[in-house]
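Q: This is the structure, below, for whatever I ask next.
The values are calculated or read from the model by the stated rules, or taken from the named source; none is laboratory data. These numbers were taken from a predicted model, which means no experiment stands behind them. Here the Cβ positions follow ideal geometry from the backbone for every residue, glycine too, while neighbour counts run over all protein chains shown.
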Amino acid sequence: MGTLHRFFCPTCAHAVEVSGGDDAGMVCLTTTVVCEECRQLYDVTIAENTGSANAKRIPIHCPKSGMHKVKRWRSPRPCPKCGTSMKKGEPTVLWD
Ligand SMILES: [Zn+2]
Ligand SMILES: [Zn+2]
């Protein structure tokens, strides 16, 4: 069961709903990445959740373009628009 959280930037009011890190659903494992080109946050699939240790790993990527540079979005979770640490809100959606 994966959980999305609402993240909110107190400086520029940018708001997103993402997992905010590694997450796992029934069929896949995901993580939250920030794309430096799009200046957006995305949850992307990083592996199929087959239940076995040798599940195929998928490199982190931007869903918009394979040419975009992405990195994992981790604490202090900077806003992709302005760099302020985003505030974590309540869980919003249970997926899977
Ligand atoms: Zn911001
Ligand atoms: Zn991108």
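Q: For the range 59-90, which residues satisfy the criterion of being within 16 Å of ligand 2 (Cβ to nearest atom), among the aliphatic types (A, V, I, L, M) and under 15 Å from the mean Cα position of the chain (by Cα)?
A: Those that are within 16 Å of ligand 2 (Cβ to nearest atom), among the aliphatic types (A, V, I, L, M) and under 15 Å from the mean Cα position of the chain (by Cα): Ile60, Val70.
Q: Going by the conditions given, is His5 of a type outside the set (Lys, Arg), within 16 Å of ligand 1 (Cβ to nearest atom), touching a residue at least 60 places away in the same chain (Cβ under 8 Å) and surrounded by 14 or more Cβ atoms within 10 Å (Cβ to Cβ)?
A: Spelling it out, it is not the case that His5 is of a type outside the set (Lys, Arg), within 16 Å of ligand 1 (Cβ to nearest atom), touching a residue at least 60 places away in the same chain (Cβ under 8 Å) and surrounded by 14 or more Cβ atoms within 10 Å (Cβ to Cβ).
Q: While we're on this one: How many residues does the range 47-75 hold that are at pLDDT 95 or above, touching a Ser or Thr at 6+ places or on another chain (Cβ under 7 Å) and not charged (D, E, K, R)?
A: 2
Q: Looking at the structure I just gave you, is Pro59 away from ligand 1 (no atom under 16 Å from the Cβ) and free of Cβ contacts under 8 Å to residues at least 24 places away in the same chain?
A: Yes, satisfied.
Q: Then there's this: Scanning for something away from ligand 1 (no atom under 16 Å from the Cβ), within 10 Å of the chain's Cα centre (by Cα) and among the hydrophobic types (A, V, I, L, M, F, W, C), does the range 26-34 turn up at least one residue?
A: Checked the range 26-34: at least one residue is away from ligand 1 (no atom under 16 Å from the Cβ), within 10 Å of the chain's Cα centre (by Cα) and among the hydrophobic types (A, V, I, L, M, F, W, C).
Q: Out of the residues in the range 28-58 meeting the condition of being within 11 Å of ligand 2 (Cβ to nearest atom) and of a type outside the set (A, V, I, L, M), tell me which one is farthest from Pro10 (Cα to Cα).
A: Glu37
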